[in-house]
Amino acid sequence: MADAAVDFEALDGMVRDAPFHRWLGVTLKSMSADGVEILLPWREEFVSDPVVRYTHGGILAALIDLAGDYAVAAKIGRGVPTVDMRVDYHRAALPGALVARATIIKLGGTLATAEAKVFDEQDRLVASGRGVYLTLLRKD
């Protein structure tokens with residue numbers, strides 16, 4: 001990734017580090033100058049409707065948030081808290097792995113904006129969103 005503050009292994013370690021991320025099972029799939037891809041293997045615990053078996057929208061929102069956060073983290077070398085986020089749902093995410101592709105729209109000294117799109121195993125768009133992240137370093 002051009003101008004990346006961390007390499008693939010370091011960023012993948014950050015992605016896997018948080019207990020919630022480990023529960024989700026997310027990993028860094030790719031990292032480039034354009035952004036990151038986060039892989040989410042499907043799990044039965046993600047099911048929102050036991051008859052249709054689609055993935056709960058909160059899981060998709062978390063994946064969008066994660067991808068946006070780590071697109072920013074790749075550039076600045078650390079995770080960032082989410083200030084604001086919106087999600088649009090486009091189709092049901094049925095059982096199968098999901099990939100979130102995130103890019104940075106604006107990287108500033110106080111805030112960054114990133115967008116992410118979530119795709120199913122057939123590369124169909126299931127959700128998209130945008131997050132605003134706090135990049136300002138806290139001074140104690």
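Here is how the numbers come out for the structure above:
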| item | result |
| --- | --- |
| Scope the range 77-108; condition among the β-branched types (V, I, T), touching a residue at least 60 places away in the same chain (Cβ under 8 Å) and out of contact with any Ser or Thr (no Cβ under 8 Å at 6 or more places or on another chain); matching residues | V99, T103 |
| Condition check for K75: surrounded by 14 or more Cβ atoms within 10 Å (Cβ to Cβ) and in a strand (DSSP E or B) | no |
| Restricting the range 30-59 to residues that are among the hydrophobic types (A, V, I, L, M, F, W, C) and in a strand (DSSP E or B), the residue that is surrounded by the most Cβ atoms within 10 Å (Cβ to Cβ) | V36 |
| One residue from G96, G57, G68 being at pLDDT 95 or above, more than 21 Å from G131 (Cβ to Cβ) and in contact with a Phe, Trp or Tyr (Cβ under 9 Å, 6 or more places away or on another chain) | G96 |
| Complete set of residues in the range 80-128 that are β-branched (V, I, T), under 14 Å from I38 (Cα atoms) and open to solvent by 30 Å² or more (accessible area, probe 1.4 Å) | T103 |
| Selection status of G109, at pLDDT below 95 and under 15 Å from the mean Cα position of the chain (by Cα) | no |
| Selected residue [closer than 16 Å to A102 by Cβ and under 12 Å from the mean Cα position of the chain (by Cα)] from V6, V26 | V26 |
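The values are calculated or read from the model by the stated rules, or taken from the named source; none is laboratory data. Not measured: the values here are computed from a predicted model. Cβ sites come from the backbone with ideal geometry, for glycine too, and all protein chains shown count toward neighbours. Calculation scope for accessible area: heavy atoms of the full protein, side chains included, ligands and nucleic acids excluded. Shrake-Rupley method; radii C 1.70, N 1.55, O 1.52, S 1.80 Å.
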